Structure formats: structure tokens, C-alpha cells
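The values are calculated or read from the model by the stated rules, or taken from the named source; none is laboratory data. Keep in mind that this is a model prediction, so the values were computed, not measured. Calculation scope for accessible area: heavy atoms of the full protein, side chains included, ligands and nucleic acids excluded. Shrake-Rupley method; radii C 1.70, N 1.55, O 1.52, S 1.80 Å.
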Amino acid sequence: MPIDLASVVTVLLPGTGSDEDYVRRAFAAPLEQAGAVVVAVPPKPEQLVAGYLRALDEAALGGPIAVGGVSIGAAVATCWALANPGRTVAVLAVLPPWTGAPGAAPAALSARHTAARLRREGLAATTAAMTSSSPPWLAEELARSWLRQWPNLPDAMDEAAAYVGPTASELGRLAAPMAVLGASDDPIHPIIVAREWASAVPHAALSTVTLDQFGPQPAVIGAAALAALQAI
């Protein structure tokens, strides 16, 4: 049965170093077309996870909500949904970064490396190095959002890199339906993690995209996640 998001508050959490501006552009148009009320949460780099959890709790005061996010945002949203089954309508997990403890997951290693470089070389030099090695769309996004979160950005990156996400057994207990979106060519968020999540959750569907598809057009993310949700 298709999942109806009409009038459902849908709370979206950004990935590490990203911000609410990006998740709004990625999700708002397709979700609002489906009738959802989109809430994009601004990251608080000095208290990243606590800020996300507080925003979810506050949004759910008015009734059950849909939750989701990108990378670490997907992990935090899913853990909240596991802890609040009666308050969760659906979960939209985009580019899940790892299953369980981060360990040597590429996303965790990248966040730790970038945090160390920011502390050692500063924002300007680290941003310049990132820009020279990233696709233009990603460089533009991160240069903007990193500046907004400075000087607490390294702390946020370290916090994200240490976050223990849902294990496979915990995902198996998720009551809400889950849309999982993976990118087949993203080395930081390996597609195998998205497949693990989709396989573990009882009511889930997986959509895949490429960086070339959603990089220049962020709304591809929301459309693909919504399509997965409706395919459950």
C-alpha cells in the first residue's frame, strides 16, 4: 500500500559538513509535491547529534513524523526512528555511511582526516585543497557550508566520525517503512552499505543514483527516495 505523506511533517538532517540549505534543495520539491511538510534542520556543529535529536523530538510533539537525512543525518534519523516506533511514519535514508560502529568506513576516515587538516592548516587552506580535488558542484556546496560552520566544524566532523549507527540486527527491528538511496559511484558512501540497510529492514526499498545525476540536480535525491518509499 503506498505510503501517504500528505500533511506529514518530514524532518531532514544534513550530512557532515553540509547544511539545511542543501537538504532542502534535495528533498523539498518532490516531498512537498507529495503533500509533506518539509523541515530541514540546521546543523549545530558544537552539538551536532544532540541538536539533530532535539529537532526530531520537538517536531514529533505534534504527532508522528517522517524522518530522514543524508549520510550521518540518515544514521541519526534511523536511530531516532528505532527508539520512537510509535512516532515514525517513514524513514528516508540517503547515502548511509556505515552499519553499526564506524570503524574504518570511508566516510568516517574522510571526516577525521578533514577535521585534522582543518585544525592544522585552517579553513582557507583546507577549503582550497578540497576545491581542487572535488567536482565543482560539491566544492561549491562544501565551501559555503563549511564557512557557515566554522570554527566548530572540526568538532562536528569528529563527532560524526565517532557516531555508532544502527546495526544490522537493530535495522531488522525497524517498524517504519524505509526508503534507502545509494550512489553506485560514491567511494565515500559505498553502495554496499545502502544494500545492507535495505536488506536488513523488514519494509524497505532501495533506489540507486549516480553522483553525476544528483550533483548538478539535488532534487534527484528526493525524487528517488520518494520513489523507493512508494515501491515498498
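Semi-axis lengths, largest first, of the ellipsoid equivalent to region 95-168 are 23, 14, 11 Å, with √(5λ) applied to each eigenvalue of the Cα gyration tensor. The Cα center of region 118-180 and the Cα center of region 2-36 differ in position by 18 Å. Note that region 38-46 has calculated 3J(HN,Hα) couplings of 8, 10, 9, 8, x, x, 10, x, 7 Hz, one per residue in order, obtained from phi through the Karplus relation 6.51 cos²θ - 1.76 cosθ + 1.60 (θ = phi - 60°); glycine and proline are x.
Restricting to Cα atoms and excluding each atom paired with itself, what does the Kirkwood estimate give for region 110-220 in Å? Kindly include the intermediate steps, with their values, before the conclusion.
On the way: mean 1/r = 0.0627 Å⁻¹.
The Cα-based Kirkwood calculation yields 15.9 Å.
The P(r) of region 1-90 has a tail past 21 Å containing 23 percent of all C-alpha pairs. Taking the protein heavy atoms of the chain in the context of the full set of protein chains, the accessible area attributed to carbon and sulfur is 59 percent at 1.4 Å.
Taking the chain as a Gaussian network of alpha-carbon nodes connected by springs under 10 Å, the highest mean-square fluctuation of the residues Ala34, Ala143, Ala129 belongs to Ala129. Each distinct pair of alpha carbons in the chain adds a 1/r term; the inverse of their mean, the Kirkwood radius, is 17.3 Å.
You can think of it this way: the chain between Arg144 and Arg195 has 15.3 nm of extra reach, that is 0.36 nm per residue less the Cα-Cα gap.
Of the residues Ala93, Ala139, Ala183, the one that moves most in a GNM of the chain with alpha-carbon contacts below 10 Å is Ala139.
Computed extension length for Thr131-Ala231: 32.3 nm, one decimal, from 0.36 nm per residue of separation with the Cα-Cα distance subtracted. Less than 5 angstrom separates the built amide H of Val9 from those of Val37, Ala66, all sequence-distant by 5 or more or on a different chain.
Considering every Cα-Cα pair within region 48-108, what fraction, in whole percent, is farther apart than 19 Å? Everything past 19 Å amounts to 27 percent. GNM on the chain, alpha-carbon springs under 10 angstrom: the most fluctuating residue among Ile72, Ile192, Ile221 is Ile192.
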